[in-house]
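Engineer: Structure in structure tokens, see below.
The values are calculated or read from the model by the stated rules, or taken from the named source; none is laboratory data. What you see is a predicted model, and the numbers here were worked out from it, not measured in a lab. Here the Cβ is made from the backbone with ideal geometry for all residues, glycine too, and neighbour counts use every protein chain on show. SASA here: full protein model, heavy atoms, side chains in, ligands and nucleic acids out. Shrake-Rupley method; radii C 1.70, N 1.55, O 1.52, S 1.80 Å.
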Amino acid sequence: MTGILPDAPVVHVLVIAAATGLIWVGSGWLEEAAETLAGYYGLPAVVQGSVVVAVGSSFPELVSVLVTAFTGVFDMGVGALVGSAIFNVLVIPAVAGLGAEEELEANRAIVYKEAQFYMLAVSALVVTFALAVIYFPVSTDPIVGELPRSLAVIPLGLYGLYLFIQYQDVDDAAAERVRDGVDLRREWAKLAAGLGLIVVTVERLVASVESLGAAFGVPEFLAGVTVVAAATSLPDALVSVRTARDDRGATSLGNVLGSNTFDLLVAIPLGVLIVGAVEVNFSTAVPMFGVLTAATVLLFVTLRMGLALGERESYALLAAYALFVAWVVAETVGATSVLKGV
């Protein structure tokens with residue numbers, strides 16, 4: 001597609017809009033096929049929820065990290081992951097809470113296991129980046145370090161612990177098939193088509209965002225935090241809103257936190273394992289992880305108060321995201337200078 005369309009800002013905006021729509025379509029195919037196949041093969045609930053659904057709704061974020069790593073703009077990929085996580089924590093529960101007929105109900109497992117383990121995942125990734133800066137330094141102003149494969153296995157190991165904890169909450173009895181009469185060839189074809197469509201459209205999305213950022217002087221990290229993050233978070237939003245309308249509040253919230261855990265502990269390390277080593281801007285990443293931690297704490301507090309998310313709490317989460325966007329804009333125009341090296 002490069003070279004076919006003119007290199008103009010309006011064209012890139014249209015490409016971003018079209019790519020976002022196609023990501024939604026591809027993610028729908030992927031999730032439907034994955035859930036059907038998981039039911040057919042009798043996968044236990046922990047695998048369906050923590051692996052199948054999480055990978056399905058998080059695949060756009062995973063592809064964005066891989067594409068940016070291969071094209072040399074890994075800061076945009078990290079920004080997309082962090083921005084997507086902030087979007088997921090603040091916007092998706094709020095929209096799901098406002099879209100549900102009644103209050104979005106949570107439970108103690110969501111609050112005390114999923115939310116707290118997610119905060120542990122954020123901390124683990126910050127520690128991994130810090131180790132990269134300490135043992136593989138690149139520059140000191142801004143603070144940049146090289147993240148090699150040897151450090152990437154740390155968050156992956158923590159995700160293995162997450163799966164182990166999930167497995168312990170499930171009965172050890174073998175699961176039986178819950179769906180019969182499945183056209184396996186059709187479902188596997190739909191799965192492959194969804195994967196292929198997402199890969200192609202995310203690549204185009206990243207290329208257009210990079211071109212727009214270069215044209216308007218927007219740093220790669222901040223472009224990833226905003227545009228790429230919102231576009232790749234669309235599947236998570238649709239899944240959570242749909243389950244909230246079906247009066248499955250715990251499932252809706254669990255998808256958000258489970259997908260975010262997968263994004264941080266699997267997507268970024270997997271990109272490093274495939275590429276070999278990438279540079280991470282610690283000066284830029286850490287303040288964003290601070291915002292992500294504050295957003296997660298806010299969600300934790302609002303859920304713990306009554307174990308439900310009502311209109312008041314939902315609007316508070318949306319207001320917090322609006323403040324975050326305003327801060328990103330202020331950083332972009334130079335009104336603030338918390339982020340170094342952007």
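Engineer: Multiplying the sequence separation of Ala17 and Val138 by 0.36 nm and subtracting their Cα-Cα distance, what value in nm do you get?
Structural biologist: 39.9 nm
Engineer: Multiply the residue gap between Leu163 and Ala326 by 0.36 nm, knock off their C-alpha separation, and tell me the result in nm, one decimal place.
Structural biologist: Stretched fully, the Leu163-Ala326 segment lengthens by 55.0 nm.
Engineer: In sequence order, what are the phi-derived ³J(HN,Hα) couplings for segment 293-305 according to the Karplus relation 6.51 cos²θ - 1.76 cosθ + 1.60 with θ = phi - 60°, rounded to whole Hz, with x for glycine and proline?
Structural biologist: After applying 6.51 cos²θ - 1.76 cosθ + 1.60, I find 5, 4, 5, 5, 4, 4, 5, 4, 5, 5, 6, 5, 6 Hz.
Engineer: So how much slack lies between Ala277 and Ser337, counting 0.36 nm per residue of separation and subtracting their Cα-Cα distance, in nm?
Structural biologist: Result: 18.8 nm gained on full extension.
Engineer: With r as the distance between the Cβ atoms of Ala215 and Ser123 and R0 = 45 Å, compute the FRET efficiency 1/(1 + (r/R0)^6) and round to 0.05. Write down the numbers at each step before the final one.
Structural biologist: Details: r = 37 Å, r/R0 = 0.81.
FRET efficiency, Ser123 to Ala215: 0.80.
Engineer: Under the rule of at least 5 residues apart or a separate chain, name every residue whose amide H is placed under 5 Å from the amide H of Ala308.
Structural biologist: Residues meeting the criterion, in which the H sits 1.01 Å from N, are Ala106.
Engineer: Let me ask another. Filter the GluC sites (Glu not before Pro) in segment 73-133 to those in DSSP coil with at most 10 other Cβ atoms within 10 Å of their Cβ, and list the result. Don't skip to the end; give the middle numbers.
Structural biologist: Working: sites: Glu101, Glu102, Glu103, Glu105, Glu114; in loops: Glu101, Glu102, Glu103.
When the GluC sites (Glu not before Pro) of segment 73-133 are filtered for loop state and at most 10 Cβ neighbours within 10 Å, Glu101 remain.
Engineer: Under a 5 Å amide H to amide H cut-off, with H placed in plane at 1.01 Å, what residues pair with Tyr41 once short-range neighbours are removed?
Structural biologist: HN-HN under 5 Å from Tyr41: empty list.
Engineer: How large is ³J(HN,Hα) for each residue in segment 225-234, as worked out from phi by the Karplus curve 6.51 cos²θ - 1.76 cosθ + 1.60 (θ = phi - 60°), to whole Hz, x for Gly and Pro?
Structural biologist: For segment 225-234, the Karplus curve yields 4, 9, 5, 5, 4, 5, 5, 7, 7, 3 Hz.
Engineer: Ok, one more. Set Lys and Arg Cβ to +1 and Asp and Glu Cβ to -1, take the dipole of segment 15-161 about its Cα centre, and tell me which of Val91, Val25, Thr128 lies farthest positive.
Structural biologist: Thr128
Engineer: Could you tell me the accessible area of Trp327 in Å² (1.4 Å probe, neighbours in place), rounded to the nearest ten?
Structural biologist: 50 Å²
Engineer: Rg and Dmax in Å for segment 271-342, alpha carbons only: what are they?
Structural biologist: Rg, Dmax (Cα atoms, Å): 16.1, 46.
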